[in-house]
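Before any comments, here is the structure.
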Amino acid sequence: MTWLLVSLCTPAVALSQAAAPTQNLPVRAQVCGPVPGERQPRPPASTCVDLEVPSTPQEYAIGLMGRSRLPPERGMWFRFDRQDAGIWMRHTLIPLDLVFLERLDHRGSLNGAPGEVPPVARIVRVAHGVQPCPGLPCPSYNAGQPVDHVVELAAGEARRRNWTEGTVLDFTWLEEPGGENDRSQ
């Protein structure tokens, strides 16, 4: 009888796991902070998070879906052209901190590249410990205002790093963004 139950459940488990796409993108950028002041030097490397950066619509759609873990010094950087970006947790297996940021106009560009002055952004909202969504409908999380960036971190990392509303973060490209569908353009 146990064998029959296991045999019947195995295809359902396999199908539910197959429905969740997974991607591991290369680290292309870093975010560091908090930045102590506009004229201060870049924050120390110990405050930095390595960022995977999606560049195609499919990479944006998959995000961190299907991941069973995210190291503390790793995250994903979503870049937008000033919009009320909504993030949901469908097919996401781990809780995340969602950090919504607005670019500071006085420095950098949204689609910077190596050798250019990197973008600097201010946190407008942090959604702490957002839980995975096991089934539809899934809630959507946003900043309540247009933003230029969303950084996803492992749950608890924003608090551990003291990233709160108003905190200024400094982004750096480690390799040139690219692809004709790169949303930073």
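Computed quantities for the displayed model
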item	result
Interchain or long-range residues, amide H under 5 Å from residue 104's placed H	120, 121, 122
Segment 124-171 - accessible surface per residue (Å², probe 1.4 Å)	45 Å²
Other-chain or far-sequence residues with amide H under 5 Å of residue 147's (modelled H)	83, 84, 85
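The values are calculated or read from the model by the stated rules, or taken from the named source; none is laboratory data. Given the structure is predicted, the values throughout are model-derived calculations rather than measurements. When the accessible area is computed, the model is the full protein with side chains, heavy atoms only, and any ligands, DNA or RNA have been set aside. Shrake-Rupley method; radii C 1.70, N 1.55, O 1.52, S 1.80 Å.
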